[in-house]
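The values are calculated or read from the model by the stated rules, or taken from the named source; none is laboratory data. These figures come from a predicted structure and were not determined experimentally. Neighbour counts are summed over all protein chains in view; Cβ atoms, including those assigned to glycine, are modelled from backbone coordinates with ideal geometry. Accessible surface is based on the protein model in full, side chains and every heavy atom, while ligands, DNA and RNA are left aside. Shrake-Rupley method; radii C 1.70, N 1.55, O 1.52, S 1.80 Å.
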Amino acid sequence: MKKPPGLNAPHARAIMRWMSRAQAWIYRRSGGRIGATFLRGAPVMLLTTVGRKSGLERTTPLLYLRDRDRVVCVASQAGRDDHPLWYLNLQANPAARVQIGQVTEELVAREASDDERRDLWPRLVQMYPDFDSYQSWTERRIPVMILEPATA
């Protein structure tokens, strides 16, 4: 797949932000019955972080992979050259809330180690093949985030 022209333009970030807000609103209002899957059936969750500058809660719909009691997500931002804001928020404060369907969990985020990423990446690409395209579109190494119970 070829990198879309304008992917890194400021208006592309604004469009992604408004689409995410709309999907999060619908997902919440429907208890996850609407908006719970993306292309090719990839599952969607809502991730709530605390803004590193504002201190306000920010919610983002993301694709995720369940791995036992952990939730795994990818900071791809569709292959943009900059990291998504939710990833930067988690770096500043790893406490997060995840909503999957009607179930909400309080979790703690960390970036996958190289070994964990090596194990998880093929599973993530199997779930959503475009992750490989996104990685090819940017020079940054797209982070894989693991959210797990605080006691883990």
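State in Å² the accessible area per residue of the chain; use a 1.4 Å probe, count heavy atoms of protein chains only, and round to the nearest integer.
With all protein chains present, the chain gives 55 Å² per residue.
Got a number for carbon plus sulfur as a percent of segment 30-152's accessible area, 1.4 Å probe?
Carbon-and-sulfur percentage of accessible area, whole number: 51.
Quick one, which of (1) 1.00; (2) 0.93; (3) 0.98 is the actual Rg/Rh (Cα atoms, Kirkwood Rh) calculated for this model?
(2)
Using a 10 Å cut-off on Cβ atoms, rank the peptides 19-27, 75-83 from the highest mean neighbour count down.
Peptide ranking by packing, descending: 75-83, 19-27.
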